[in-house]
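Quick notes on the structure that follows.
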Amino acid sequence: MKFIISALTTFLLQPALADFSSLSINDAAVITLLADGSYQVNCKDGSIESASDLDIKLDNICPKLTSVPAYDILSVQKREDGMFDVVCKDLSKHIASQEDLMAGKVCSEHPPQFSLQEGIYLPLSTDSYFCDDYQVSEVESNASGEVVSFNYHCTTDSPWPFTCQQGQCNEKGGSRSIQLTEGIDDQFEYQTGGLTSKMVRK
């Protein structure tokens, strides 16, 4: 009994890993820390579940809906809007939903398919339709690290906002488009005025 109380106390006192005040574990009668770092949860209905600390932080116990892959998550903090602030072991930060966390889309060991570096890009085309150089800035990514929006423009112009879905990016309210290269974050294809050029980071 002392071990059970000590284990639960140790878990609840972990610093800033989750906001337990906003979660409910009322349907769990006993939570026991096991030697392998997982938890045995005895529910009030008599069922017994095996859970990770992330399962408990996400209130995914009693009943346990699905297994939560932890991947390389360092900490999880629930926000007032119901989303979660997540810090990965590589110290990258993400805002994720409970669904993203439970699906293993956060801090995944697999790199994102479509990502993009900020910086100056040069067109390989010499057509006069293209500027001498372009700038990519304010890149935003989803929980799995894939690009969802960014600003792009000739360095002499105002930014053109782009939104992306699965590597296909289109200018908001315009006709320009960009196709990101899967697995490569420093080059892409840019299309404008019916012409296409490969862009490479300077």
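The values are calculated or read from the model by the stated rules, or taken from the named source; none is laboratory data. Bear in mind the structure is a predicted one, so any value in this text is a computation, not a measurement. Every residue, glycine as well, gets a Cβ built from its backbone with ideal geometry; the counts of neighbours run over all protein chains shown.
Across region 81-134, the number of residues qualifying as more than 16 Å from the chain's Cα centre (by Cα) and either surrounded by 17 or more Cβ atoms within 10 Å (Cβ to Cβ) or among the hydrophobic types (A, V, I, L, M, F, W, C) (or both) comes to 8. Against the test of being of a type outside the set (D, E, K, R), closer than 30 Å to residue 57 by Cα and in a loop (DSSP other than H, G, I, E, B), the options 107, 131 yield a single qualifying residue, 107. Going by the conditions given, is residue 137 surrounded by fewer than 14 Cβ atoms within 10 Å (Cβ to Cβ), in contact with a Gly (Cβ under 9 Å, 6 or more places away or on another chain), assigned by TED's automatic domain parsing to the domain that holds residue 196 and free of Cβ contacts under 8 Å to residues at least 24 places away in the same chain? It is true that residue 137 is surrounded by fewer than 14 Cβ atoms within 10 Å (Cβ to Cβ), in contact with a Gly (Cβ under 9 Å, 6 or more places away or on another chain), assigned by TED's automatic domain parsing to the domain that holds residue 196 and free of Cβ contacts under 8 Å to residues at least 24 places away in the same chain. The set of residues in region 36-53 that are crowded, with 16+ Cβ neighbours inside 10 Å, modelled with pLDDT of 80 or more and within 24 Å of the chain's Cα centre (by Cα) comprises 51, 52. Checked against the criterion of being within 30 Å of residue 198 (Cα to Cα) and of a type in the set (D, E, K, R), the candidates 81, 133 yield just one match: 133.
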